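The values are calculated or read from the model by the stated rules, or taken from the named source; none is laboratory data. These figures come from a predicted structure and were not determined experimentally. All Cβ positions, glycine included, derive from the backbone under ideal geometry; neighbour counts span all protein chains shown. Quick note on the areas: whole protein, heavy atoms, side chains included, nothing else; ligands and nucleic acids left out. Shrake-Rupley method; radii C 1.70, N 1.55, O 1.52, S 1.80 Å.
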Amino acid sequence: MQRLFFLCAFLYCISTNTTAQDCNITFKGRIIDFHDKTPIYGASIFVLNLNRYTTSDIDGVFEINNLCKGRIIIEIKHLSCDTKQITIDINKNISEDIFLEHHLEELNEVILKASTKTEQSSVEQSIKKAVIEQFTDKSLGDALKTISGVSALSTGNSIVKPMIHGLHSSRLLIINNNVRMYDQEWGDEHAPNIDINASDRIDVIKGANTLKYGSDAIGGLILLRPKKYAIKDSLFGSTLTSFNSNGLGGNLNSEIIKTYKSGYYTKIQMNYKQFGDFEAPNYNLTNSGIKSLNGSVQFGYNSFEKGFDAYYSYVNNEFGILQSSHIGNVNDLVNAINSEQPRIIEDFSYTINAPKQSIVHHLAKIEAYKRYKGFGKLTVQYDFQINRRKEFDLRRGGLKNTPVIDLRLFTTSIQPNLQIDYFDDLKINTGLLFRYQQNDAISGTGTSPLIPDFDKFDAGIYAIGNYNLSETTEISAGFRYDFSDINARKEYNVTDWQETYNYDELFPEFENGDISGTDIPTNPRFTYHNISASLGLSKKFDNNMQLLANYGLASRVPNPSELFSDGLHHSAARIETGLLTIGKEIANKFVLSLEKNNNDFGFIISPYYKHINGFTQLIPIGITTTIRGAFPVWEYNQVAAQIFGIDIDVNKKISTNFSYSGSLSLLQGDNLTDDIPLIHMPAANFSNRVSYINANLNQLTIRLSQKTILQQNSYPDYNFFTYNATLQENVFVDISSTPPSYSLFGLHTSAVFKLFNKGSLKLEFNIENMFNVSYREHLNRLRYFTDDLGRNYNLKLKINY
């Protein structure tokens, strides 16, 4: 009886309490676009904990009645918008605006399409992750050569610098995870210190839409992008390994990614690569091995309204340089040119001896962003890089293990950027740049530093606008101003300062003390003001046709090597001389691109023209004798130049399983001042590829490829005579003539197998230089000493998990 009494009392209390609740509360709201504050019609509003549902009307308004006091959880959905979930405590009638974002691709995993571009009016091409993985054990320059108009200036087979339309080094901007690379890029034999395995996509921008990253992209811009991850709880990764018959080496790359529904993510990636001596078709290339250890860590938070990304990468490369290319004097060069094979051929070895390069590069950045309703997105990025380059020559005694060049370059910058997307048809991107560099020529090398100590400050401001004239036409325009200040400390030979270059009259303000022996201390300091601009047009037609037109005004200040180089560049076996009189380069660039992109047929036809005032080139001017012998002297000078050409790409789907793609690149570079061709211009080349792909048969892929490089017949004549002490006579040194044409064929095969529930195994087998052709590439700086690489069998295995 007592139990029954308490039960009735309890039920009465509950009933009384329920009756007392206020369940007449109304929640009104509006669903609004985050960018332009326009109402969103048809959004679904679902009260999760009450199982109630409504939609927004044409004004974006919704209303939910008869709510009780307490906490409600609301989920808002709309087509092409990111789903949003909010929690609200209700104790009275309320009204609230809810903002949704239409740009879903910024939150979720990027799906690459042919139309995905940095700017809609940009003339650019991209390579995707699948292509990057084919070059997992090679360099950035090797991967980019698959794009028409992109070639490479190489030193042997491992040091590869990308070229766009014949321009390289300081004329190319390489942006790695939104950080501009500074890694002593001025040298012809200084390859970018980048592990391409850390990237998900690489864009090559040939046109003018590069002002956000700098004023000096006369050649173009290379943009390495990381992967964006979906906002969900997931743990996944992959391991890719390869083995090559040529060089008896390979690569091991592994990465693991953890993402969270909250928006946080983290990624760890490691890569190790090692090769021994490579081989040409008929002999070993002694001391041509590679050893490389790379890693990167990424951590961040990604939501639409705010987020951050922290990134660090470490690259440690050791490159052997062909032992036969180490010449003691110019007579060794003559003997090498006249010899059919290298003067030193030894048995295969993994040992890397001098001459060699050892480079360590650290890159770190942190980037944070915040979006403001009805206005835009503010991003602030801070980054720094430390590059340590050591070049080892053949030395004896106590200096045997001491580098002849030891440079440490520190670079740090801060970059605020504001994207304004308030207007329907107009998007504005504007920002600032502040950068500081310090180069330290490490003492103790026993030689005069090729590049002196210097400090450099850069500041810039830019604004770029993209305006939709109609549904099919968009124009873009940009403007950028940069200020640079270079402050160097350097000792000059008194004879050079006063007599050879007349600097005592041209730059008396640089003298910084009394003459000591044969040297005079100086403090060269230069300031520059740069103006650059761009103009672009994009017009779409029927049948997926599109016309792009770009104009760009680019300005480049001289790099430290062009101003201050002074001495023997050991890895190049030549005396290099910079001049304080070198000024800015100013280029006017015109690029057109007619593109068609259908599933069955597509093409890109892209002619271009560049006129460059003050084009700085490094050319041979004669011979000088040092205590080690006679060496060629290469000196920087400036001329008026023009470069023009055309890139053509074609792709055709032949049948369900067969397809064809091909490309053609033609280029002409002229020294207008001297009415002769420019040095180191790429030759005409074309390629063809036929592919068989069967998605139903383990994604079986078989591809035959061919690439032909024609002989470069347009080159300047810098040949000379020199005295050969052995022969006791003058000998002719032919350093200008180019090697004959060559064609290379390759085979690529791959298949994918299901490994376990969510994993897969991909097997690849490739043959490069299938017919073991002996050839020499005129843009390979070691072509005087040896043939290029022979046949290579390549096996790759990738596990996704």
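A few comments on the model shown:
- Value at 222 nm in deg cm²/dmol, rounded to 500, when DSSP H runs of n ≥ 4 in the chain each add -39,500 (n - 2.57): -1500 deg cm²/dmol
- Excluding ligands, DNA and RNA, the accessible surface per residue across the chain is 44 Å² with a 1.4 Å probe.
- Here the extension length gained between residue 668 and residue 541 equals 42.6 nm, from 0.36 nm per residue of separation less the Cα-Cα distance.
- Gyration tensor verdict on the chain (Cα atoms; rounded if a/c is under 1.5, prolate if a/b is larger than b/c, oblate otherwise): prolate
- The simple Förster model, with R0 at 41 Å and r as the Cβ-Cβ distance, assigns residue 624 and residue 588 a FRET efficiency of 0.65.
- Subset of 227/456; 227/652; 145/370; 227/539; 356/584; 145/490 violating a 31 Å alpha-carbon distance limit: 227/456; 145/370; 356/584; 145/490
- Span from the the range 402-441 Cα centroid across to the the range 489-549 one, whole angstrom: 19
- Inter-label distance, residue 646 to residue 58: 5.3 nm, where each label sits 7 Å from its Cα along the C-beta direction.
- Degrees between helix 2-20 axis and first principal axis of the chain (Cα, 0 to 90, nearest 10): 70
- Distance between the range 301-369 and the range 679-733 - C-alpha centres, whole angstrom: 21
- Nearby aspartates and glutamates by direct alpha-carbon distance to residue 37 (threshold 12 angstrom, same-chain neighbours under 8 apart not counted): 59, 97, 101, 421, 424
- Backbone N within the range 268-311 under 16 Å of label point (7 Å from residue 346 Cα along the Cβ vector): 276-279, 284-290
- Only one residue of 479, 209, 625 has its Cα farthest out toward the positive end of the dipole of the chain, where Lys and Arg carry +1 and Asp and Glu -1 on Cβ, and that residue is 209.
- Our note on the geometry: Cα centres of the range 573-645 and the range 146-225, 14 Å apart.
- Take the Cβ atoms of residue 366 and residue 758, set R0 to 51 Å, and the FRET efficiency comes out at 0.95.
- Too-long pairs where the Cα-Cα distance tops 18 Å, listed order kept, from 540/596; 129/427; 596/653; 84/232; 212/377; 273/796: 129/427
- Relative to the Cα centre, the charge distribution of the chain, modelled as +1 at Lys and Arg Cβ and -1 at Asp and Glu Cβ, gives a dipole magnitude of about 3380 debye.
- Contact order, relative form, for the range 145-288: 17 percent (alpha carbon pairs under 8 Å, 6 or more residues apart, mean separation divided by residue count).
- Length gained on full extension, residue 496 to residue 516: 5.8 nm, using 0.36 nm per residue less the C-alpha separation.
- Cβ-Cβ FRET estimate between residue 87 and residue 426, R0 fixed at 41 Å, reported to 0.05: 0.70
- Protein accessible area in the range 665-801, 1.4 Å probe - carbon and sulfur %: 58
- Counting only protein heavy atoms and a probe of 1.4 Å, the accessible surface of the range 473-628 is 54% carbon and sulfur.
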